[in-house]
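Read-outs: derived from the displayed coordinates by stated rules, not from any lab. If you're wondering where the values come from, they're calculated on a predicted model, not measured in any experiment. Quick reminder, even Gly has a Cβ in these numbers, built from the backbone with ideal geometry, and neighbours come from all protein chains shown.
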Ligand code: ADP
C-alpha cells in the first residue's frame, strides 16, 4: 500500500508540476510573440518613410550641379545611409517573419535553378566590374529544385554580395550549381580576405560581424548569413563554409530532393 501511495503521490506531483510549468510559460511565450510582432511592425512601418526619403534624395541628386561642393557631398552621404537603413529594415523584416511565419503554410514550387543563377550573376556584374572582379558561372543545365523561388534567389544574392564585398580588387568570384545523388549543390567561392577559424562558428549568428569597422564601411550589418541559414533550413538543407585568411572563402549549400 505504501508503495502504491508513493507512486500515486509522485504521479500527482509530476502532473501538477507539468501543468504549472506549461502555465508559467504562457506569459513568456506571449512576451516573446509581442517582441517579434513589434520588430515586424516597426520594420514594416519604417519602409515607407525610407522609400520616400530615397526618392527625394534621388531628385536632389539630379540637381547636384546647382549645389556647392559641401551640400553635394552631404547628398551622397545621406543617400548611402538611407540605402543602408533600407537594407537593414528589409533584413529585420525577413528575420521577424522567419520567427513568426509557419513554414508549412509557405508555398513551394518546382523551378529551374539555372535561370535564377544566370539572373543573379547578371545583376552583380556592374558591382563586380567596379572592383574589376571576374564573375564566373558554372551551372549544370536543367537543374530543378522544389522550394521558394524568391527565398532561394535571396540566398544567392546574399552569398554573391558577400563574396564581392569581401574581395579586394582584381579577384574572382565563382557561382557553381550542380547535382549529385539527387541533391542540389550551390557553392559561391571567392579569392577574398577570408575568415579566421576562430570566427567561423559565429558568422551565421544575427548581427555577428568579423570586423565591425570594415563591414560598416562595406555597408554590412551582420544579418545576411543568418537569413541565408534560415532559408537553407527552411528547405531542409545544409550550409557549410570553408575559408583561409587572405586566400578566400567558399560557401556550400546542399538542398535535398523534395516533392
Ligand atoms: P554582413 O552584412 O556584415 O556582411 P553577414 O551576416 O552576411 O553580414 O556576414 C557576417 C560576417 O561574415 C561578415 O561581417 C564578414 O565578416 C564575414 N563574411 C561573410 N561572407 C564573407 C566572405 N565571402 N568573405 C569574408 N568574410 C565574409
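List of remarks:
- In degrees, nearest ten, helix 224-234 long axis to first principal axis of the chain (Cα): 50 degrees
- The spread of Cα positions in the range 91-138, taken along each principal axis and listed from longest to shortest, comes to 42, 27, 12 Å.
- For the chain, share of DSSP beta bridges that run antiparallel, in % to the nearest 5: 80 percent
- Cα-only Debye scattering, the chain: base-10 log of I(q)/I(0) at q = 0.15 Å⁻¹: -1.19
- With the largest listed first and rounded to whole Å, the semi-axes of the equivalent ellipsoid of the range 170-213 from the Cα gyration tensor are 26, 16, 9.
- Here residue 157 and residue 21 are evaluated by their C-beta separation; at R0 = 41 Å the FRET efficiency comes out at 0.45.
- Percent of Cα-Cα distances greater than 17 Å, calculated over the range 89-222: 65 percent
- Rounded tilt (10° steps) of 113-130 against the dominant C-alpha axis of the chain: 50 degrees
- Fewest-first sequence of 116, 52, 75 by Cβ atoms within 10 Å of each Cβ: 52, 75, 116
- MRE, 222 nm, helices only [DSSP H, n ≥ 4, -39500 (n - 2.57), over the chain, to nearest 500]: -20000 deg cm²/dmol
- Beta bridges from DSSP with both residues in the range 76-213: antiparallel share about 65 percent, rounded to the nearest 5.
- Based on Cα contacts under 8 Å between residues 6+ apart, the chain shows a relative contact order of 15 percent.
- Projected-area mean, the range 144-237, by convex hull of Cα positions, square nanometres: 6.7 nm²
- On Cα atoms only, tilt of 149-165 relative to the major axis of the chain in degrees: 60 degrees
- Taking the C-alpha atoms of the range 1-152, convex hull volume expressed per residue in Å³: 240 Å³
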